[in-house]
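Below you'll find the structure, written out as structure tokens, and then a few comments.
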Amino acid sequence: MIGFLAGLGLAVLLGWMAFALLGWALAAALAVWVGGAIGGLAVLLARNTLPLRGMVALLAPFGVMLPAIALRDMAAGAGLPVVPFATFELLVFLVLYLAFLTSAIGLVRLDAYRIGYAPLPVAVMVLAVCLYGFLTGNWFLPLVAVLGQGMWVSGWGSSNWFDHVTHVLLVPVALVVLILRLI
Amino acid sequence: MGSGDIFILALALISVALSGYALWRDETLNWVFAVPRPPAPEPGDAPLFETLFDYRPEKGVAHSPAIVANDETLSVLWFEGSSEAQPDIEIRRAVLGEGPEGWRAGAPETFLTSEALGRAFDPGQLVVTLGNTIQNDAAERSLYATVVSVGGWAMASIAEVRMEGTLPVRARKLDLSPFLNRSFLVRSPMVAYADGSHALPAYFEMGTTYGALVRLNADGRVRDQRRIDGTGVKPIQPMIVALDGARALAFLRDFDDSGQLYLSRTEDGGRHWTLAEATDVPHPNAPVAALSLSGGRILMARNGGGKKSGRLELAVSGDDGKSWHMIHRFEREPGEARYPMLRGLADGRILLAYSTNSKRGVRVVVFNEAWVAAR
């Protein structure tokens with residue numbers, strides 16, 4: 001199951017990259033389907049090639065959030081109603097996540113990452129995300145948080161919940177979105 | 001209340017159920033060290049000191065030996081190739097056996113390659129090179145290997161590798177960092193706990209560096225990690241020796257090249273560690289090995305004698321590491337002796353493995369406490 005989920009995560013990311021590139025030349029709705037097909041076929045046919053094995057080595061565990069963000073973006077491209085994140089939400093995420101990464105690389109003594117191994121703090125964090133979603137009407141974040149918790153409890157993927165609901169690639173993604181909004 | 005709100009409430013309920021299951025299933029970590037109690041030497045025991053294995057490859061490096069002891073075999077592993085961190089590095093081993101004629105070391109053989117390890121992951125992963133590898137004391141035929149898929153050692157990960165003979169059959173990386181799961185390495189032997197579980201001493205090497213004690217659950221998945229760090233130093237490669245159920249010492253290499261050996265202590269089974277402080281032991285930027293002896297003493301293999309010392313020596317402490325008495329200095333040889341690893345055998349004998357000739361050779365010696373006592 002772990003291998004299957006990692007393959008699925010890789011397929012979504014490749015499909016998202018293809019969608020983004022094809023979006024320059026094709027209509028967004030068409031780019032979604034062609035990009036998705038490219039991602040799926042690449043993993044099915046070329047998963048044991050050097051580039052894909054390298055991507056898995058570099059980016060795994062993919063978790064839930066990164067593929068979910070990719071699918072969300074592609075769904076918006078396909079014309080489905082997707083409520084974009086507010087600018088302040090992206091800014092708050094960036095500040096909190098960069099502080100989190102700072103603690104993880106030892107720049108501060110507090111090790112926030114390690115609480116992602118323990119059931120009780122994870123339970124509190126997931127419910128906090130659900131509460132935030134309830135108050136703002138945003139079901140996407142609670143869905144990712146609970147799916148991540150489900151995978152974490154099942155032992156599928158990382159033994160740390162944070163790896164399911166964050167990914168370091170979210171930093172450049174959020175930055176690009178913020179910059180595009182400024183332009 | 002809209003359908004979105006109901007959906008979120010349903011998610012919250014699912015989360016509560018998942019949390020309840022996770023809490024019910026969670027194994028409470030035992031933080032009481034298993035204290036090794038090696039047998040004291042008998043009055044009639046003859047001192048023993050013997051070289052079992054002395055290997056030099058025709059070219060390239062052979063470095064960072066580890067002793068692997070299980071029910072089936074006793075062997076020494078090291079990494080070997082044209083140069084450190086190169087793609088042709090592989091883990092090699094020599095099986096050590098004891099027969100009527102004494103100890104005998106088998107011919108060095110390839111044990112683990114990057115290519116074979118990459119195939120053992122699910123899905124397959126690129127493994128560019130291999131580094132320090134140690135025995136996983138918590139599982140049969142299992143190792144912890146330092147693997148690099150991109151970049152250098154600062155981009156390494158720790159992989160648990162299950163072996164069948166000389167074939168890796170399953171591998172997975174330990175989940176230790178949110179930064180692409182990078183920059184954790186292993187070097188020192190595992191630490192045993194009273195309930196039979198084990199912890200893995202590891203270290204983080206990207207930018208600010210620190211040591212870590214990694215707690216694993218029964219499935220070998222990471223359940224917790226505790227930092228062993230310092231101020232103004234880069235303490236890595238923690239070598240942990242339990243003094244009793246609650247107290248332990250972690251001897252640390254200073255990656256900042258201060259020329260001192262560093263020490264951190266715990267008094268609660270490894271939950272919290274003091275900031276690493278310099279000892280009065282001058283030491284190059286290199287790891288030490290340590291082991292409990294009978295009578296509560298500690299044996300250390302180190303490069304005493306200064307910042308550039310390439311000679312290895314053995315020292316004993318009878319006061320929980322406060323003072324040391326040097327008992328043996330190995331002969332001066334071309335190049336540096338580095339990366340010692342000590343392992344006690346069930347009968348009380350002690351194996352010491354280390355690299356020789358500035359990472360271009362591997363040697364294993366065996367001695368006993370009678371020899372230590374006679375020094």
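Couple of notes before you dig in:
- Cross-link reach is defined here as a Cα-Cα straight distance under 22 Å, omitting same-chain residues fewer than 8 places apart; for residue B:308 the lysines meeting it are B:234, B:359.
- The stretch A:167-183 - phi-based ³J(HN,Hα) in whole Hz, Karplus 6.51/-1.76/1.60, Gly and Pro as x: 7, 5, 5, 5, 5, x, 4, 5, 4, 4, 4, 5, 5, 4, 6, 6, 6
- For B:45, B:195, A:163, order by how many other beta-carbon atoms lie within 10 Å, fewest first: B:195, B:45, A:163
- Residue A:156 paired with residue B:218, simple spin-label distance in nm, labels 7 Å along Cα-to-beta-carbon: 2.3 nm
- The Cα-based radius of gyration and maximum Cα-Cα distance (Dmax) for chain A are 16.9, 49 Å.
- Span from the the stretch A:146-183 Cα centroid across to the the stretch B:117-148 one, whole angstrom: 26 Å
- For residue B:170, distant residues with modelled amide H under 5 Å away: B:162
- Karplus-derived HN-Hα couplings along the stretch B:119-132 (A = 6.51, B = -1.76, C = 1.60, θ = phi - 60°), whole Hz, x at Gly and Pro: 6, 6, 6, 10, x, x, 10, 6, 10, 8, 7, 10, x, 3
- Interatomic Cα distance distribution for the stretch B:252-375, bins of 5 angstrom, percent: 2, 11, 20, 24, 20, 15, 7, 2, 0
- Ranked for footprinting exposure by Cβ neighbours inside 10 Å, fewest first, B:114, A:103 give A:103, B:114.
- Amide H to amide H distances under 5 Å link residue B:129 with B:148, where only residues 5 or more positions off or on other chains count and H is placed in the peptide plane.
- Summed over all non-identical Cα pairs, the Kirkwood treatment of the stretch A:1-81 gives a radius of 12.6 Å.
- Each residue of the stretch A:55-71 was assigned a 3J(HN,Hα) from its phi angle through the Karplus curve 6.51 cos²θ - 1.76 cosθ + 1.60 (θ = phi - 60°); the sequence is 5, 4, 4, 7, 9, 5, x, 6, x, 9, 5, 4, x, 5, 4, 4, 5 Hz, with glycine and proline shown as x.
- Per-residue average of Cβ from other chains inside 10 Å of B:15-21: 6
- Helix-only CD estimate at 222 nm, as mean residue ellipticity for chain B, using -39500 (n - 2.57) per DSSP H run (n ≥ 4): -3000 deg cm²/dmol
- Fewest neighbouring Cβ atoms within 10 Å first, the residues B:31, A:16 line up as B:31, A:16.
- Cα-Cα separations in the stretch A:130-178 greater than 12 Å, expressed as whole percent: 66 percent
- Computed from label points 7 Å out along Cα-Cβ, the spacing between residue B:122 and residue B:255 is 3.3 nm.
- Divide the volume of the convex hull around the Cα atoms of the stretch A:83-183 by the residue count and you get 107 Å³ per residue.
- Exposed GluC sites (Glu not before Pro) absent - longest run of chain B, DSSP non-H/G/I/E/B, at most 14 other C-beta within 10 Å: B:141-266
- One quarter of the surface of the convex hull around the alpha-carbon atoms of the protein assembly as shown equals 27.4 nm², the direction-averaged projected area.
- Considering every alpha-carbon pair of the stretch B:1-134, the percent of pairs per 5 Å bin, from zero through the bin containing the longest distance, is 2, 7, 10, 11, 11, 10, 9, 9, 8, 6, 5, 4, 3, 2, 1, 1, 0, 0.
- Extension gain from residue A:107 to residue A:29, taking 0.36 nm per residue of separation minus the Cα-Cα distance: 23.7 nm
- When only Cα pairs below 8 angstrom with a gap of at least 6 residues are kept, chain B shows a relative contact order of 16 percent.
- Amide H within-cut-off set for residue B:311, under 5 Å, with H built and near neighbours excluded: B:337
- Placing pseudo-labels 7 Å out from each Cα toward the beta carbon at residue B:40 and residue B:328 gives an inter-label distance of 2.2 nm.
- Counting only Cβ charges, +1 for Lys and Arg and -1 for Asp and Glu, the dipole size of the stretch B:132-224 around its Cα centre is about 200 debye.
- Rounded Å value of the spacing that divides the Cα centres of the stretch B:67-87 and the stretch B:1-46: 32 Å
- Kirkwood Rh, Cα atoms: Rg over Rh of the stretch B:267-319: 1.02
- The peptide list B:343-349, B:73-79, put in order of mean Cβ contacts within 10 Å with the highest first, becomes B:73-79, B:343-349.
- Two-decimal ratio, chain B, of alpha-carbon radius of gyration to 2.2 N^0.38 Å: 1.03
Laboratory data are not the source of any read-out in this text; all were calculated from the coordinates shown. Keep in mind it's a predicted model, so treat the numbers as computed, not measured. Cβ coordinates were reconstructed from backbone atoms using ideal geometry, including for glycine residues, and neighbour counts include every protein chain displayed.
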